[in-house]
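The values are calculated or read from the model by the stated rules, or taken from the named source; none is laboratory data. In this text the structure is predicted, and so the values were computed from the model without any measurement. Please note: Cβ atoms are built from the backbone with ideal geometry, for glycine as well, and neighbour counts cover all protein chains shown. Keep in mind that these areas ignore ligands, DNA and RNA; they rest on the heavy atoms of the full protein, side chains included. Shrake-Rupley method; radii C 1.70, N 1.55, O 1.52, S 1.80 Å.
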Amino acid sequence: MVAAREKFSSQAAPELLAGMREVARSEGRQFQAVMEDAMRGYLESRLQAKVRPEVMIHYRASVEKNRLLAELLAQ
């Protein structure tokens, strides 16, 4: 089954496009497949850069629970 595709138009610096085309050529892949990989990697890295709310809740609870210990260690 072929994934649905949506056409879009954008612009990029010529050296970036040349680099992406070279990667596609050297790997024997289509340009669009390399672009999709690049966009997917960008989105994944952006999502990982954000701390999940439940993690922050546990972090704050831990800091509060260990506040006295931190103060004693700071002395």
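Axis of helix 14-27 versus longest Cα principal axis of the chain: the two differ by about 80°, to the nearest ten degrees. Computed in the context of the full set of protein chains, the accessible area of the chain at 1.4 Å probe radius has 59% of its extent on carbon or sulfur.
Exposed loop positions in the chain were taken to be trypsin sites (Lys or Arg not before Pro) whose DSSP state is not H, G, I, E or B and which have at most 11 other beta-carbon atoms within 10 angstrom. Between these positions, the longest stretch is 8-49. Report, in degrees rounded to the nearest 10, the 0 to 90 angle that the Cα long axis of helix 31-48 makes with the longest principal axis of the chain. Roughly 10 degrees, rounded to the nearest 10.
Using the 1.4 Å probe convention, the accessible area of the chain works out to 97 Å² per residue with neighbouring protein chains retained. Taking a virtual spin label 7 Å from the Cα of residue 17 along the C-beta vector, which residues in the range 34-62 bring their backbone nitrogen under 15 Å of it? Flagged as within label range: 35. Between 0 and 90 degrees, the angle of helix 53-65 with respect to the longest Cα principal axis of the chain falls at about 20 degrees.
With helices as the sole contributors, the chain gives -22500 deg cm²/dmol at 222 nm; each DSSP H run of n ≥ 4 counts as -39500 (n - 2.57), and the sum is divided by every residue. For the pair residue 30 and residue 64, the difference between a 0.36 nm per residue extended length and the Cα-Cα distance amounts to 7.0 nm. Taking only the Cα atoms of the range 35-75, the radius of gyration and Dmax are 17.5, 54 Å. P(r) tail, the chain: Cα-Cα pairs separated by more than 14 Å, 77% of all pairs. For the chain, GluC sites (Glu not before Pro) meeting the loop criterion (DSSP other than H, G, I, E, B) and having at most 12 other Cβ atoms within 10 Å: 6.
Other residues with beta-carbon under 14 Å from the beta-carbon of residue 52 carry, at +1 per Lys or Arg and -1 per Asp or Glu, a net charge of +2.
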